[in-house]
1. When you go through 133, 86 one by one, which is the residue that is touching a helix residue (DSSP H, G or I) at 6+ places or on another chain (Cβ under 9 Å), closer than 20 Å to residue 244 by Cα and assigned to a helix (DSSP H, G or I)?
2. Output the residue which, of all residues in region 347-366 that are buried (at least 20 other Cβ atoms within 10 Å of the Cβ) and of a type in the set (Gly, Ala, Ser), is farthest from residue 140 (Cα to Cα).
3. If we keep just the residues of region 367-405 that are part of a loop (DSSP other than H, G, I, E, B) and modelled with pLDDT of 90 or more, which is surrounded by the most Cβ atoms within 10 Å (Cβ to Cβ)?
4. Looking at residue 120, is it buried (at least 16 other Cβ atoms within 10 Å of the Cβ) and either at positive phi or assigned to a helix (DSSP H, G or I) (or both)?
5. Answer yes or no as to whether residue 304 is outside the structural domain of residue 383 (by TED's automatic domain parsing) and at pLDDT below 90.
6. Report every pair of residues separated by at least 6 positions or lying on different chains whose Cβ atoms are under 6 Å apart, first residue within region 52-77 and under 17 Å from residue 42 (Cα atoms), second surrounded by fewer than 22 Cβ atoms within 10 Å (Cβ to Cβ) and of a type outside the set (Val, Ile, Thr).
7. Which of (1) hydrophobic (A, V, I, L, M, F, W, C); (2) modelled with pLDDT of 90 or more; (3) surrounded by fewer than 20 Cβ atoms within 10 Å (Cβ to Cβ); (4) not in a helix (DSSP H, G or I) is the odd one out, the single condition residue 6 does not satisfy?
Amino acid sequence: MRPPRANYGWTRFLGDCAGGAIAALIALPYGLALASAMGLPPVLGIFTSILTAPVIALLGRNPVLIGGTASATVPFLAMAARDHGVAGAARLTIMASLIMMGFGLLRLGRYITRVPHAVVTGFSCGIGGMMLVSQMDIMFGVASPLRRSASSALGQLTGVLDHLGDVRAVPLVLSLTVIVAATIAVRLSPRAPAPLIGGALAILVARIFGFREREIGSLAATLPPFAGFGWSTPEMLAALPPAFALALVSSVNILITSRVVEHFRGRHKRMKPADADAELGAYGVANIFGGLFGAPPSVGIPARSLAVVRCGGTTRLSNLMHAVFLAAILGLGSRFVGHIPIAALAGVTAWMGLCLLDWSAWRRLPRMSRVDAVAFLATAASVMAVNAVLAVAIGCSLYPLHRAYVRWLRPARLPDLEVE
């Protein structure tokens, strides 16, 4: 999974830079919104990527697996922040990071890589659908609290459909401009930075026609202070169960997302067992560093990783550029980036979701074995209806059930044949 070192030229350098820039733009709304949902200062969701990306780029095994704040970690951090503030969330993050490092040392990561390919593609499609649905309220210009009030992507979709009468034209035009332009760009040149082209065109359209739409706004650029927290025995024992659960959820998310990214890079082999264990160790170390400043844990983010792939990124530099551009955005946000319409960013994320839907997998569906097809559909549906980690468990559980059925139940139902 290490990138080739030879033939690194301007084309690949520009691909890494373009991918890092788009990944940073995608990180902005998600990082701010998710940290806010956790009850933390919103800017901490951005500093998650800035603080952890250099460590992940140095120690991680998948060069284009981009990490950041993820929705799967929200319930754990929200409970800790509610009970103990930023300090409690920081303690939970650091404890979960230590447990993740333990998973790597115990070589448990390699077992997660055995997830069947049909479940991985179903996970990809479900995440793509979830990303698309999560941006519909912004794209349609309807009430934004819909995303935060719903517990699943299907709930979000229902909320948006109930408000279709309130759809506004301007955000829809801007987001569709991004989607259409990015689609055309990637058709003309698969290595083109399609999301960057689509976003730039949407900004140009807004300026030409004088569209007034909600923008990113100014952002604070100061590094957060060290999070102060205690390590008393009662506090650690109380935090141990949620820390273990957070570590497990994060580990599954990281390794499954890594496989999804490799699938879209055209590499369909499973990662080496040692690489899987090392990846967990890398994220564990990175999240300890981020947790010291109160930043939420970093896990693999499909949208940002796919942005890097789509823009031609191939090396660890793309992960570093992701952090560099985010830091630059915070520093220059009030002047330049602060004027980017939120609808344009929603269009970028929605386009990434459409790409993650993996249309080739749907075309192969009639040719899949019955158990693969059911696992694929069950995983994709469960991501939308429940959550990503439980969806993987549901998809994987179908295989031992199928083996048990074939071995024990189906032979018993066959009629006895008379011997002539």
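1. Details: 133 fails: closer than 20 Å to residue 244 by Cα.
When all the criteria are applied, what remains is 86.
2. Ranking the qualifying residues of region 347-366, first place goes to 353.
3. First, the residues of region 367-405 that are part of a loop (DSSP other than H, G, I, E, B): 368-369, 386-387.
The next check asks that each one be modelled with pLDDT of 90 or more; those that pass are 368-369.
On the way: 368: 16, 369: 10.
Top of the filtered list is 368.
4. Working: buried (at least 16 other Cβ atoms within 10 Å of the Cβ): yes; either at positive phi or assigned to a helix (DSSP H, G or I) (or both): yes.
Considered against the rule, which asks whether it is buried (at least 16 other Cβ atoms within 10 Å of the Cβ) and either at positive phi or assigned to a helix (DSSP H, G or I) (or both), residue 120 comes out as yes.
5. Details: outside the structural domain of residue 383 (by TED's automatic domain parsing): yes; at pLDDT below 90: yes.
Judged against the criteria, residue 304 is a match.
6. 74/37; 76/242
7. The single condition residue 6 does not satisfy is (2).
Yes or no, residue by residue, for (1) in contact with a His (Cβ under 7 Å, 6 or more places away or on another chain); (2) at pLDDT 85 or above; (3) closer than 23 Å to residue 157 by Cβ:
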position: 315; (1), (2), (3): no, yes, no
position: 318; (1), (2), (3): no, yes, no
position: 338; (1), (2), (3): no, no, no
position: 343; (1), (2), (3): no, yes, yes
position: 349; (1), (2), (3): no, no, yes
position: 358; (1), (2), (3): no, no, yes
position: 365; (1), (2), (3): no, yes, yes
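The values are calculated or read from the model by the stated rules, or taken from the named source; none is laboratory data. Just so you know, these numbers come straight off a predicted model, no measurement behind them. Quick reminder, even Gly has a Cβ in these numbers, built from the backbone with ideal geometry, and neighbours come from all protein chains shown.
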